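Next up is a structure, given as structure tokens.
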Amino acid sequence: MDRARLTWLLSLALAMPGALMIADLAQGTTWAMDLLHPSGEMAVRLVILAMLAGPVTEIFGANRVTRAWLSIRRQLGLAAFGYALLHLAFYALDMTPAGMLGELTLPGIWTGWLALALLAPPAAVSFDRAVRRLGRRWRTIQRLVYAALALAMVHWLLLAWSPASALVHIAPLILAWSARAWRRHQIKALRRKSSTTRTAP
């Protein structure tokens, strides 16, 4: 199967949960407020999946699975932004404009708005032509995702009745970052030791 068809199938699979949420809302089987959590949770899950690809590859090395994972990072990130927009749409449907303005000063709300704003630039340049034209600046823009995820987690923790679910979601990424940092430390230590051995009289 060619790459274009695989990309299309993955996009379809990623869009399916959102399509089901919209269908349930349109059919009147659920309320917009009931879809706030699943849409926001999906956005966070996809961001984490996209961010996990790098550290997992560094820890376990490049293989068929990690290469495939790396190749779909941008699709995962774009889908995450799509679900963040869907989350906002459900919020707007559940609230009046005056109600939304009234809640802007609440930490649990403005952190969500800011997280969405920070996700927008990386999503806007997530295509090959932008990578070529921006060069090193492309990576700088992509680093906004770290701040966006941090704010999204604060948004989630402040609005959730229980923080357990949010912590379970972020735990794999924290573990992967910790393992990567430890691996880098070990490599540096071995290099220093090797260098000392070579230079010793």
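Readers should treat all values here as calculations from the given coordinates under stated rules, not as data from a laboratory. Keep in mind it's a predicted model, so treat the numbers as computed, not measured. Reconstructed Cβ throughout: ideal geometry from the backbone, glycine too, with neighbour counts over all protein chains shown.
Starting from the Cα gyration tensor of the chain, multiply each eigenvalue by 5, take the square root, and state the resulting semi-axes largest first in whole Å.
With the √(5λ) rule applied to the chain, the semi-axes are 36, 21, 16 Å.
What is segment 150-198 by shape, rounded, prolate or oblate, if you read a ≥ b ≥ c off the alpha carbon gyration tensor as root eigenvalues and call it rounded for a/c under 1.5, prolate for a/b larger than b/c, and oblate otherwise?
prolate
Here is a follow-up. Given the peptides 175-187, 96-108, arrange them by the average over their residues of other C-beta atoms within 10 Å, most packed first.
Per-residue mean Cβ counts within 10 Å order the peptides as 175-187, 96-108.
Continuing with this model, one more query. I need the shape label for segment 81-200. Rule: rounded when a/c is under 1.5, else prolate if a/b > b/c, else oblate, with a, b, c from the alpha carbon gyration tensor.
Note, shape of segment 81-200 comes out oblate.
Scaled to the compact-protein estimate 2.2 N^0.38 Å, what is the alpha-carbon radius of gyration of segment 1-80, rounded to two decimal places?
This ratio for segment 1-80 stands at 1.32.
Here is a follow-up. When each pair of different Cα atoms in segment 51-135 is counted once in the 1/r mean, what is the Kirkwood radius in angstroms, to one decimal? Write out the running numbers ahead of the final one.
Working: mean 1/r = 0.0655 Å⁻¹.
Result for segment 51-135 stands at 15.3 Å.
Using θ = phi - 60° and the Karplus relation 6.51 cos²θ - 1.76 cosθ + 1.60, list the HN-Hα couplings for segment 55-63 in order, rounded to whole Hz, with x at every Gly or Pro.
Taking θ as phi minus 60°, the curve returns x, 5, 5, 5, 6, 9, x, 6, 9 Hz for segment 55-63.
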